[in-house]
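The values are calculated or read from the model by the stated rules, or taken from the named source; none is laboratory data. Predicted, not measured: the structure shown is a model, and the values here were computed from it. Neighbour counts run over all protein chains shown; Cβ positions are idealised from the backbone, glycine included. Ligands, DNA and RNA are excluded from the accessible area calculation, which covers all protein heavy atoms including side chains. Shrake-Rupley method; radii C 1.70, N 1.55, O 1.52, S 1.80 Å.
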Amino acid sequence: MKYRHLFGPVASRRLGVSLGVDLVVHKVCSLNCLYCECGKTTTPTMERKDWVPFDRVQKELDHYWAANDDPDYITFSGSGEPCLNIHLGRVIAYIKEKKPNIRVAVLTNATLLTDPGVRAELLKADLVVPSLDGVSKEVFDRINRPCVPMDPLKIVESIQAFVRMFKGQVFLELFILAGINNTPEELALFKDAIARIRPDLVQLNSLDRPGTSPDAVAAKRADLEKIKEILGPDRVEIIARKPKTTPAANPRSGSDLASFVVETIHRRPSTCEDLCTMLGAEMEEVQAILDDLAEKGEVEFQTQNRGIFYQTCKTGSNCGDTPQ
C-alpha cells in the first residue's frame, strides 16, 4: 500500500523511531515562517476542517500496524499545521485505543492553542511540542508572518493554560534566527514566557535546511550555547542535527526505497546523505533515485553549505534541471 498521509518511520533526533502522520495537504498553515523547511504557505488559514478525511488516515494506520513493528512514537507533523484538521482529536483517540503502547506526539506552531477545543483534543497525547519564535509582536510578525493578526502574548497564555491541564510532557521549541530573535530584549521576553509556561523542557533549534527567505540565517552553535545559559541551562537543550551514525529506523530497498525518498522530500528538503542516514541505504542507490526524479522534472533543489537539498516540485523553480 502506498501511503499518502503516513511517512517514515525515521530515527528522529527527538523521539527515537517515529512514524509521521500528515493531517493537512501542502501547505496548509496559519503561519508562513521565514525558516519553514516545508516551503512557503500556499493556503494560509485559521479554519479547521477535514483537510484529510479521518477514514483515509485510519485505513493507512491499520495497514501499517498489520505489516510493521510498532514505532516508539506516532508524530503529527508534516506539510503544515496539524491542529487545523478537525479530526486531530479523533485520530489521537483511535491510536490510543488500538495501540496504547505507542506514544503520541504533536508538533504545533501553537496558534490554534488559543482555541479551548483544540487544547481539549490534545489531552490524549503523550507529548506536545509547541513552538514560540517571538514574544514581541514585531519579532513574531517578522519571523512567523501570520495569516491574520495575532497577539503572541495570547499564544503564550494559551500554552500556559494547556500546560496546567495536560498530564503529558510539553517541550517548548524556540527557533533561533541570527539577528532577529536572539537580541537581549527578545531573550528577556523568552525567559519571562518560559517562567510563565513552565514547560518540561525548552529546546533551542535553528536552521539546518533551506528556509523560505534569505532573511532566515542560522544561529551559530556558540550563540545557542550562550542563549542556553541565559534562559537556564537546567531545563534547556540545544537540538543538534542528527549525527551521521544514527541507524536507520527501518532500512529500505528497491521500489520501497524510492517511495520513501519521495515521501520524505515531499515534506522536508534533504540531502542524499540525510536520506542515506535515515534509510540505511547506499549513497549510489539513493543518488540514482534523486537523479531520476530530477531528470523527470519532479524535484527541485538548492545548493547550501551542507550540500544539495532536494524537494518535490511545488513551485516549479529549478525543476527539470540536473544539479551540478
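How many of the residues making up the stretch 160-189 are within 30 Å of Pro214 (Cβ to Cβ) and either under 19 Å from the mean Cα position of the chain (by Cα) or part of a loop (DSSP other than H, G, I, E, B) (or both)?
13
Which numbered condition trips up Asn85, out of (1) under 30 Å from Val217 (Cα atoms); (2) surrounded by 24 or more Cβ atoms within 10 Å (Cβ to Cβ); (3) in contact with a Phe, Trp or Tyr (Cβ under 9 Å, 6 or more places away or on another chain)?
Every listed condition holds for Asn85 apart from (1).
Could you tell me how many of the residues in the stretch 138-156 are over 16 Å from Ser30 (Cα atoms) and open to solvent by 30 Å² or more (accessible area, probe 1.4 Å)?
Residues in the stretch 138-156 being over 16 Å from Ser30 (Cα atoms) and open to solvent by 30 Å² or more (accessible area, probe 1.4 Å): 2 in total.
Only one of Gly320, Gly232, Gly297 is surrounded by fewer than 16 Cβ atoms within 10 Å (Cβ to Cβ), over 23 Å from the mean Cα position of the chain (by Cα), modelled with pLDDT under 70 and more than 20 Å from Ser12 (Cα to Cα). Can you tell me which?
Only one candidate passes the filter, namely Gly320.
Scan the stretch 51-67 and give yes if some residue there is in contact (Cβ under 8 Å) with a residue 24 or more places away in the chain and under 27 Å from Leu132 (Cβ atoms), otherwise no.
yes
Since Gln169 meets every condition but one in (1) in contact with a helix residue (DSSP H, G or I) (Cβ under 9 Å, 6 or more places away or on another chain); (2) modelled with pLDDT of 95 or more, which condition does it not meet?
(1)
Quick grid of which residues meet (1) within 25 Å of Asn32 (Cα to Cα); (2) surrounded by fewer than 15 Cβ atoms within 10 Å (Cβ to Cβ); (3) among the hydroxyl-bearing types (Ser, Thr, Tyr):
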position	(1), (2), (3)
Gly134	yes, no, no
Ser158	yes, no, yes
Gly179	yes, yes, no
Arg196	no, yes, no
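Please go through the stretch 15-70 and pick out each residue that is under 26 Å from Met150 (Cα atoms), open to solvent by 30 Å² or more (accessible area, probe 1.4 Å) and β-branched (Val, Ile, Thr).
Passing the criteria: Val25, Thr42, Thr43.
Consider Arg142 against the criteria (1) touching a residue at least 12 places away in the same chain (Cβ under 8 Å); (2) farther than 14 Å from Cys33 by Cα; (3) not aliphatic (A, V, I, L, M): it satisfies all of them except one. Which criterion is unmet?
(2)
Which residues, counting only those in the stretch 29-40, are in contact with a helix residue (DSSP H, G or I) (Cβ under 7 Å, 6 or more places away or on another chain), within 15 Å of Leu107 (Cβ to Cβ) and of a type in the set (A, V, I, L, M, F, W, C)? Steps first, answer last, please.
Applying the first criterion (in contact with a helix residue (DSSP H, G or I) (Cβ under 7 Å, 6 or more places away or on another chain)) to the stretch 29-40 yields 30-31, 33-34, 38.
Add one more test, that the residue is within 15 Å of Leu107 (Cβ to Cβ), and what stays is 30-31, 33, 38.
Residues satisfying the conditions are Leu31, Cys33, Cys38.
Here are some conditions: (1) open to solvent by less than 50 Å² (accessible area, probe 1.4 Å); (2) acidic (Asp, Glu); (3) outside any helix (DSSP H, G or I). Asp215 meets all but one. Which one does it not meet?
(1)
Of the conditions (1) modelled with pLDDT under 75; (2) open to solvent by 30 Å² or more (accessible area, probe 1.4 Å), Arg267 clears all except one; give me its number.
Condition not satisfied by Arg267: (2).
If Val202 satisfies all but one of (1) open to solvent by 30 Å² or more (accessible area, probe 1.4 Å); (2) in contact with an Asp or Glu (Cβ under 9 Å, 6 or more places away or on another chain); (3) more than 22 Å from Asn32 (Cβ to Cβ), what's the number of the condition it fails?
Of (1) open to solvent by 30 Å² or more (accessible area, probe 1.4 Å); (2) in contact with an Asp or Glu (Cβ under 9 Å, 6 or more places away or on another chain); (3) more than 22 Å from Asn32 (Cβ to Cβ), only one is false for Val202: (1).
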